[in-house]
C-alpha cells in the first residue's frame with residue numbers, strides 16, 4: 001500500500017489521461033474487508049461525522065496537484081531528517097497519512113483513566129514479583145509461569161523497592177465497535193513512538209496547515225515533553241534528593257545513528273534535557289555512573305536505555321569493559337535510576353496480559369476500566385486443545401513477540417503455515433497464546449489519490465513518577481499526544497515492520 005508519504009501518490013491517471021481527483025464521494029461505498037468493522041469517521045446512518053467532514057473538505061479544496069506536491073515535499077523532508085523505514089526499495093519516508101484521527105475530550109478522559117489504572121497495577125505487579133511475591137503467595141499467579149517468561153530477568157530483582165520501574169509506558173488500544181475500546185497490548189519494556197506524536201503533527205503544521213482547526217481546540221503533543229521531564233526528574237531525585245535540578249544528570253543511551261529510531265531519540269532527548277550517548281561514553285567509578293564528554297565527566301542520576309537490557313549490560317563502556325556487573329551494582333545500590341527498568345519485559349509477556357484483570361483486582365481492589373481481549377494460554381491443556389481445533393480462526397502470538405513478530409492470523413494463513421504453527425504449539429505450548437480476531441476500526445486514508453478505509457490502532461502513552469506522599473505508590477498521567485498506527489491494505493497488522501504507517505491524533509479539549 002502506498003500511503004500519504006509515498007512518492008506522488010495522487011498522480012495516478014484516469015482513462016482520459018487526467019489526474020484522478022482527491023474525492024471522498026465513493027468512500028462510504030467501500031465494503032469493510034472484515035464483517036462487523038466500524039469506521040470511526042462515519043455515523044451509523046452512513047453520514048460523515050462533522051469533524052471529519054471539515055477535514056475532508058479542506059483536503060479536497062486543495063486539489064490533487066497541490067496535495068501531491070505537498071506530499072512529495074513532506075516526504076523529502078522526512079527523508080532528510082532520517083525519519084525513514086527500510087523497504088525492498090531501500091529507505092523511504094515513514095508513511096504519515098494526512099487524514100487525522102479525532103478523539104473527543106470526553107472519550108479521551110475515559111481512555112486515560114483506564115490506561116493509568118492499568119499501568120499503576122502493572123507497576124505494583126513488577127515491584128511485587130521481583131520482591132516479596134505476595135501475589136504468588138496468594139495463589140493468584142503461578143511462579144513457574146513467571147520464571148518461564150522470556151521477559152523475566154534476575155536483574156529485575158536489583159531495582160530498589162521504591163524506584164519507578166515503568167516510567168514510560170505504551171498501551172495499544174483498539175476500537176472493535178462504535179463507542180467500545182479495549183487494550184490489545186501492554187508495552188512497559190521500551191515503548192517506541194513518543195516522539196512520533198510530535199512528528200505526525202509537524203507534518204500537518206508544516207505542509208497542510210489549512211487542515212488544522214484552531215489551536216485552542218486541540219491538545220498539542222509537545223506538551224508531553226514537559227510531563228516527561230517532570231517524571232524523569234522525580235525519579236532521578238530518588239537517587240539524590242538534595243541535588244539542584246540544574247545539576248541532575250538525565251542520559252539516554254542508544255545504539256547510535258544506525259538505529260532506525262535515531263532521529264526520534266535525538267528529538268525526545270533534546271526536548272527533555274537529556275544527553276544522548278552510546279554506551280562507550282559511560283563509565284562506572286566510585287560507586288556512581290558517569291557520562292564522559294570530551295575531557296569532562298558528568299554524573300548520571302537517571303539512565304533511559306533505548307536498547308535491550310542484555311545489549312545494555314554487555315555493551316562496552318568508556319573503559320573498554322562491559323558495563324555489566326558494575327552497572328548492576330550501582331543500580332542495586334540506588335546510585336542510578338534506570339527508566340524503564342530491567343525485567344519489565346515480564347509485563348509485556350502475552351501470558352501476563354491474560355492475568356491483568358486479576359492483577360488490577362489484587363493490587364488496587366478495582367474492576368478494570370478498560371476491557372481486554374480474552375486470551376487462551378497454550379500452556380494449559382484445555383486452552384491448547386481449543387486453540388488447535390480453531391487454529392484457522394484465531395490470532396496466535398509468541399508470548400515474547402515484539403513489534404508484531406511471529407504472529408499468525410488464522411484466516412490469512414495457508415495450510416502449510418497453519419500446520420507449522422500447529423507443530424510449534426504442540427512442541428512448545430508455553431511459548432504461545434491465542435486470541436479471537438478483534439475487528440480493528442477503520443479511518444479514511446489517502447491511497448493512490450483517493451480515500452480508502454484502513455485499519456488503525458492507538459498507542460497511548462502513560463508516564464509514571466514517584467508519589468511524594470507514599471513511596472510504595474506512583475502517580476500515572478496519560479500524555480496529550482497519542483500515536484495512531486495504520487495497517488497496510490489487506491491486513492490488520494499495524495506495525496511498521498509489516499509496512500504500517502501513522503496518522504496525527506487530534507485530542508479535543
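The values are calculated or read from the model by the stated rules, or taken from the named source; none is laboratory data. This one's a predicted model, so the numbers in the text were calculated from it and none came from an experiment. Please note: Cβ atoms are built from the backbone with ideal geometry, for glycine as well, and neighbour counts cover all protein chains shown.
Going through 209, 244, 234 one at a time, which residue ends up being closer than 30 Å to residue 64 by Cα and out of contact with any helix residue (DSSP H, G or I) (no Cβ under 9 Å at 6 or more places or on another chain)?
Of 209, 244, 234, the one residue that is closer than 30 Å to residue 64 by Cα and out of contact with any helix residue (DSSP H, G or I) (no Cβ under 9 Å at 6 or more places or on another chain) is 209.
Inside the range 210-236, residues that are assigned to a loop (DSSP other than H, G, I, E, B) and touching a residue at least 12 places away in the same chain (Cβ under 8 Å) make up a count of 5.
Summed over the range 464-491, the residues that are crowded, with 24+ Cβ neighbours inside 10 Å and over 19 Å from residue 194 (Cα atoms) give a count of 1. Restricted to helices (runs of 4 or more DSSP H) entirely inside the range 61-156, those with at least 3 residues that are touching a residue at least 40 places away in the same chain (Cβ under 8 Å), surrounded by 15 or more Cβ atoms within 10 Å (Cβ to Cβ) and touching a strand residue (DSSP E or B) at 6+ places or on another chain (Cβ under 8 Å) are 64-81, 105-129. Restricting the range 306-315 to residues that are surrounded by fewer than 14 Cβ atoms within 10 Å (Cβ to Cβ) and in contact with a strand residue (DSSP E or B) (Cβ under 9 Å, 6 or more places away or on another chain), which is nearest to residue 252 (Cα to Cα)? Ranking the qualifying residues of the range 306-315, first place goes to 311. Within the range 464-488, the only residue that satisfies the criterion of being out of contact with any strand residue (DSSP E or B) (no Cβ under 7 Å at 6 or more places or on another chain) and within 27 Å of residue 66 (Cβ to Cβ) is 488. Within the range 435-468, being farther than 24 Å from residue 499 by Cβ and touching a helix residue (DSSP H, G or I) at 6+ places or on another chain (Cβ under 7 Å) holds for 462, 463, 464, 465, 466. Inside the range 260-287, residues that are assigned to a loop (DSSP other than H, G, I, E, B) and touching a residue at least 24 places away in the same chain (Cβ under 8 Å) make up a count of 6. Please verify whether the range 288-303 includes one or more residues that are within 21 Å of the chain's Cα centre (by Cα), touching a residue at least 40 places away in the same chain (Cβ under 8 Å) and surrounded by 21 or more Cβ atoms within 10 Å (Cβ to Cβ). Within the range 288-303 (the criterion being within 21 Å of the chain's Cα centre (by Cα), touching a residue at least 40 places away in the same chain (Cβ under 8 Å) and surrounded by 21 or more Cβ atoms within 10 Å (Cβ to Cβ)), the answer is yes, since at least one residue qualifies. Listed by first and then second residue, the pairs linking a residue in the range 487-502 that is under 15 Å from residue 444 (Cβ atoms) to a residue that is part of a helix (DSSP H, G or I) and at pLDDT below 75, with Cβ atoms under 8 Å apart and 6 or more places separating them unless they lie on different chains, are 487/498. For the range 368-390, the set of residues classified as over 24 Å from residue 186 (Cα atoms) and in contact with a helix residue (DSSP H, G or I) (Cβ under 9 Å, 6 or more places away or on another chain) consists of 381, 388, 390, listed by residue number. Can you say whether residue 306 is in contact with a helix residue (DSSP H, G or I) (Cβ under 6 Å, 6 or more places away or on another chain) and modelled with pLDDT of 95 or more, as far as the supplied structure shows? Considered against the rule, which asks whether it is in contact with a helix residue (DSSP H, G or I) (Cβ under 6 Å, 6 or more places away or on another chain) and modelled with pLDDT of 95 or more, residue 306 comes out as yes. Taken over the range 222-248, the criterion of being surrounded by fewer than 21 Cβ atoms within 10 Å (Cβ to Cβ) and under 10 Å from residue 272 (Cβ atoms) is satisfied by 225, 226, 227, 229, 230, 233.
Do we find a residue being surrounded by 18 or more Cβ atoms within 10 Å (Cβ to Cβ) and either modelled with pLDDT under 95 or not in a loop (DSSP other than H, G, I, E, B) (or both) anywhere in the range 317-326?
Looking through the range 317-326, at least one residue is surrounded by 18 or more Cβ atoms within 10 Å (Cβ to Cβ) and either modelled with pLDDT under 95 or not in a loop (DSSP other than H, G, I, E, B) (or both).
Tallying residues that are farther than 19 Å from residue 236 by Cα and in contact with a helix residue (DSSP H, G or I) (Cβ under 9 Å, 6 or more places away or on another chain) within the range 262-291 yields 4. Does residue 490 fit the bill of being part of a loop (DSSP other than H, G, I, E, B), within 24 Å of the chain's Cα centre (by Cα) and at positive phi? In short, yes.
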